[in-house]
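The values are calculated or read from the model by the stated rules, or taken from the named source; none is laboratory data. Bear in mind that the values here come from a model prediction, so they are computed numbers and not experimental data. Every residue, glycine among them, receives a Cβ derived from its backbone with ideal geometry; neighbour counts consider all protein chains shown.
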Amino acid sequence: MFKKENRINKKEIEEIFKNGKKCYSNFIGIRFVKNNYKLNRFTIVIGSKIYKLATERNKTKRQIREFLKKNTLNQGFDIVIFLFKKTKNINQIKQEIVFCLKKEKLTK
């Protein structure tokens, strides 16, 4: 789990979906907006329609969180990552995250 300072609350998520920039690939979507902090804040959304079992959703979220912690990103963004297709291969999801982050120039 991210530290409290690195999490986004529900009201801010709605604001990001309303006003943020977006990037989509085959399995994921990323919405982001510049924030007034010197750190990035994240939220990962995986619906119950994608993975029926909560254990699968939580495992995928944990793997994505660890991947984001290891990656070096430009600072000062609120980022929402959401899955809209199921895949068994987490590496495919990671590749698509990197693709979107590079496309939108969010990575160093």
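On the stretch given as the stretch 82-108, residues that are more than 10 Å from residue 27 (Cβ to Cβ), touching a residue at least 60 places away in the same chain (Cβ under 8 Å) and not basic (Lys, Arg) total 5. Considering each residue of the stretch 51-81, count those that are of a type in the set (A, V, I, L, M, F, W, C), surrounded by fewer than 18 Cβ atoms within 10 Å (Cβ to Cβ) and either at pLDDT 90 or above or part of a helix (DSSP H, G or I) (or both), and give that number. The total comes to 3. With respect to (1) within 17 Å of residue 73 (Cβ to Cβ); (2) of a type in the set (Gly, Ala, Ser); (3) in contact with a Leu (Cβ under 9 Å, 6 or more places away or on another chain), the lone exception for residue 20 is condition (3). Within the stretch 1-32, the set of residues being within 23 Å of residue 102 (Cβ to Cβ) and either surrounded by 16 or more Cβ atoms within 10 Å (Cβ to Cβ) or of a type in the set (A, V, I, L, M) (or both) comprises 6, 8, 16, 20, 23, 25, 27, 28, 29, 30, 31, 32.
Screening residue 42 against (1) modelled with pLDDT of 90 or more; (2) touching a strand residue (DSSP E or B) at 6+ places or on another chain (Cβ under 7 Å) leaves a single unmet condition, (1).
Every residue, every condition in (1) without any contact (Cβ under 8 Å) to a residue 12 or more places away in the chain; (2) not polar (S, T, N, Q), yes or no:
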{"position": "10", "(1), (2)": "yes, yes"}
{"position": "34", "(1), (2)": "no, yes"}
{"position": "38", "(1), (2)": "no, yes"}
{"position": "43", "(1), (2)": "no, no"}
{"position": "50", "(1), (2)": "no, yes"}
{"position": "53", "(1), (2)": "yes, yes"}
